[in-house]
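Scroll down for the structure; my scribbles are underneath it.
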């Protein structure tokens, strides 16, 4: 298995370097960003420490939406998105706790109360060192992680977190606009029942590097860039074009846990969209183990 590692987009005048890492044929997938953890689509990457008993206690999730202290422009849809996501999950008999308080995520024991932790439109440095350690221990113990939209614009200086996202993070985006979303893999819980393509209006993220080039992921949704009438380029210079698919959503095992990621989720209206809601619910349920995880990759 071969991965090509890519640097962050180099500053003007800097020299960009690439290297190739080739793993033995019988090796587990390892992140291409040298975190030294098991990553990929191999279920043996999952590590269940036990202690969760949904049959007795039901399923439970935390929706975490804290933004960093220096952020002056948090997403305007956070309150509405949390409300609609809570309604969606509670309608599926899932207990929901919501928080934007750092104190609620600073201990592993706190996070162990949840089958899945959801980062929704978090932004910049939303975790301190204690919370970073708590999240890592939680994932290592088989915890589920879901990153929605600006979870990709969070913790830029933490390599382990970037690996959790699939080895990538938000670089930029263009204007909010309608576009056609295509289902890449119809076999997964996050795409179950979705039409082959559908239209949503959102802020389509340009992530860097391309997660398909640096990690072993199962791409679930992609955007048809030819339908983006306002253009593909981002405000910071990313062309918005990829070699092949422009991925919007994917899943993978990472460091013992299950991770489902979607870059959609900028507007209030998208949380009323039936296809997006089904996409979220299926993905979240799969990270909890309620449905099969990351199928068809």
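Side notes on the structure shown:
- Candidate set from region 71-85 (those that are more than 18 Å from the chain's Cα centre (by Cα) and at pLDDT 95 or above); member that is nearest to residue 281 (Cα to Cα): 84
- Flag for residue 101 being at negative phi, in contact (Cβ under 8 Å) with a residue 24 or more places away in the chain and surrounded by fewer than 17 Cβ atoms within 10 Å (Cβ to Cβ): yes
- Residues (touching a residue at least 60 places away in the same chain (Cβ under 8 Å), part of a loop (DSSP other than H, G, I, E, B) and under 20 Å from the mean Cα position of the chain (by Cα)) located in region 50-67: 66
- Residue match in region 92-103 (condition: under 29 Å from residue 38 (Cα atoms), in a helix (DSSP H, G or I) and touching a helix residue (DSSP H, G or I) at 6+ places or on another chain (Cβ under 8 Å)): yes
- Within region 162-178, being more than 16 Å from the chain's Cα centre (by Cα) and more than 14 Å from residue 263 (Cα to Cα) holds for 175, 177, 178.
- The condition (being touching a residue at least 40 places away in the same chain (Cβ under 8 Å) and at positive phi) is satisfied by just one residue among 244, 256, 283, 234: 256.
- Look at (1) closer than 22 Å to residue 164 by Cα; (2) touching a residue at least 40 places away in the same chain (Cβ under 8 Å) and you find that residue 212 fails only one, number (2).
- Which numbered condition residue 226 misses (of (1) over 19 Å from residue 166 (Cα atoms); (2) touching a residue at least 24 places away in the same chain (Cβ under 8 Å); (3) surrounded by fewer than 20 Cβ atoms within 10 Å (Cβ to Cβ)): (2)
Every residue, every condition in (1) under 30 Å from residue 44 (Cα atoms); (2) in contact with a helix residue (DSSP H, G or I) (Cβ under 6 Å, 6 or more places away or on another chain), yes or no:
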| site | (1), (2) |
| --- | --- |
| 198 | no, yes |
| 217 | yes, yes |
| 220 | yes, no |
| 226 | no, no |
| 237 | no, no |
| 249 | yes, no |
| 272 | no, no |
| 278 | yes, no |
| 284 | yes, no |
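- When residues of region 111-128 are limited to those that are modelled with pLDDT of 95 or more and out of contact with any strand residue (DSSP E or B) (no Cβ under 7 Å at 6 or more places or on another chain), the one nearest to residue 261 (Cα to Cα): 127
The values are calculated or read from the model by the stated rules, or taken from the named source; none is laboratory data. Small disclaimer: the values here were computed from a predicted structure and weren't measured. Don't worry about glycine lacking a Cβ; one is built from the backbone with ideal geometry, like all the others, and counts go over all protein chains shown.
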